[in-house]
Amino acid sequence: MNIKDYLKNSRAILFLRLLHEKFQEVVLLTKHIANGNRYNDKDKLLTDLAIRTHAIEKGMSIGKVKVGFGQPKVISLLRDLRHYLAIGGSRVFVSEVCSVINKYVAFNESLGADMTIVKTEFCSFCEKNSIEIVDNAGIYLLNRIETEAKLKSSFDIFSQSRFSIRDFGTIRIPIESIKSALVLAEKTPSACNRQSWRVHIYSDESIRNKIFSLQGGCKGFWKDMQYAILICGDIRGYNINELSQVYVDGGIYAMNLLYSLHFEGAATIPLTMGHKQKTMRNIKRKMNLPDNEVPIILIGVGSYKDKYKVAVSARHEYKSYTNINK
């Protein structure tokens, strides 16, 4: 082996190259990710507010909802919305958040909760800031028959009929349906056709409940799901110049599998595996995952109720984030 080949294959040299690459990434992340200088940057603060707002929507869409949930969090959210407006934040976004809070108050009042404190704070905030409430938030009430009728429709109808589900039914989803979805997802594209995703399916109740518990973001409904599908990426399939490609390929596969499961009539929810390294190592150890695999996303799978709830989660128009160069 000549010196050039030796250096290219040396782990010691690779370690130093990775340090160089990651140091540049750390500098960029330190400057731009939402954690740093959040309360002085309206775009970073928006990230935090959007996450907290979606938590309210998710709470309403859970099957076994806790009546009156989250009141201290909503009051805290209103406080930070005041600061967001003060530093030049988007009034359109604030209007969308307030629409969610408005539906949240009405939803809990319909269940018999005392929402006086939140309602007073909310009305005061909207009045002082002249906030217009729009009707594009809260939850949709859907039914299984109508959803199933759209599964074999054209893609524009089919794709818009898929929602993240937190209100599951009890009809058993056969493993054959999961396997059929996996076959459909085989056509997923990847960088240079490396297909480096690795899929772990947990159907045993104790094992799937363990990974749902470790994931930590599906409290209140994880016991209603019948399968946990963990999508990982094998980092052996990538080189130093494509350190993030494992997540790109895994993410494309995950969305393809979500559509495939939906086509097979399964209700699903994608659950983030974005954790600190200590938590991720604990998950990999307890789930006996190989060291060369990185968890990318966890999909919870169950069945539809005859009537079920989903979060509205209003989407931005493509024009707001797209630049078409002519």
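The values are calculated or read from the model by the stated rules, or taken from the named source; none is laboratory data. A quick note: this is a predicted structure, and the numbers were derived from the prediction, not measured. Please note: Cβ atoms are built from the backbone with ideal geometry, for glycine as well, and neighbour counts cover all protein chains shown. Note: accessible area is taken over every heavy atom of the protein model, side chains too, but ligands, DNA and RNA are not part of it. Shrake-Rupley method; radii C 1.70, N 1.55, O 1.52, S 1.80 Å.
So, with a 1.4 angstrom probe, what is the percent of accessible area on the chain that is carbon and sulfur? Accessible surface attributable to carbon and sulfur in the chain totals 55 percent.
For region 114-189, the calculated P(r), taken from all Cα-Cα distances in 10 Å bins from zero up to the bin holding the longest distance, is 12, 28, 24, 17, 15, 4 percent.
The angle between the Cα long axis of helix 245-263 and the main principal axis of the chain comes to about 50°, on a 0 to 90 degree scale.
Relative to the longest principal axis of the Cα atoms of the chain, helix 116-129 runs at roughly 90 degrees. Across the alpha-carbon set of region 62-101, the Rg to Rh ratio works out to 1.09, Rh being the Kirkwood radius. Helix content alone sets the calculated 222 nm mean residue ellipticity of the chain: runs of n ≥ 4 DSSP H residues at -39500 (n - 2.57) each, divided across all residues, give -16000 deg cm²/dmol. Of the GluC sites (Glu not before Pro) found in region 111-148, the ones in coil according to DSSP and having at most 12 other Cβ atoms within 10 Å of their Cβ are E132. What is the distance in Å between the Cα centres of region 257-275 and region 38-107? With region 257-275 and region 38-107 each reduced to a Cα centre, they are spaced 25 Å.
Residues in the chain average 59 Å² of solvent-accessible surface per residue, probe 1.4 Å, ligands and nucleic acids excluded.
In region 1-87, what trypsin sites (Lys or Arg not before Pro) fall in a loop by DSSP, with at most 11 other Cβ atoms inside 10 Å?
Filter output for region 1-87: K64.
Under 5 Å between amide hydrogens, built in the peptide plane, is the criterion, and for L271 it picks out L298, I299, G300 among residues at least 5 positions away or on other chains.
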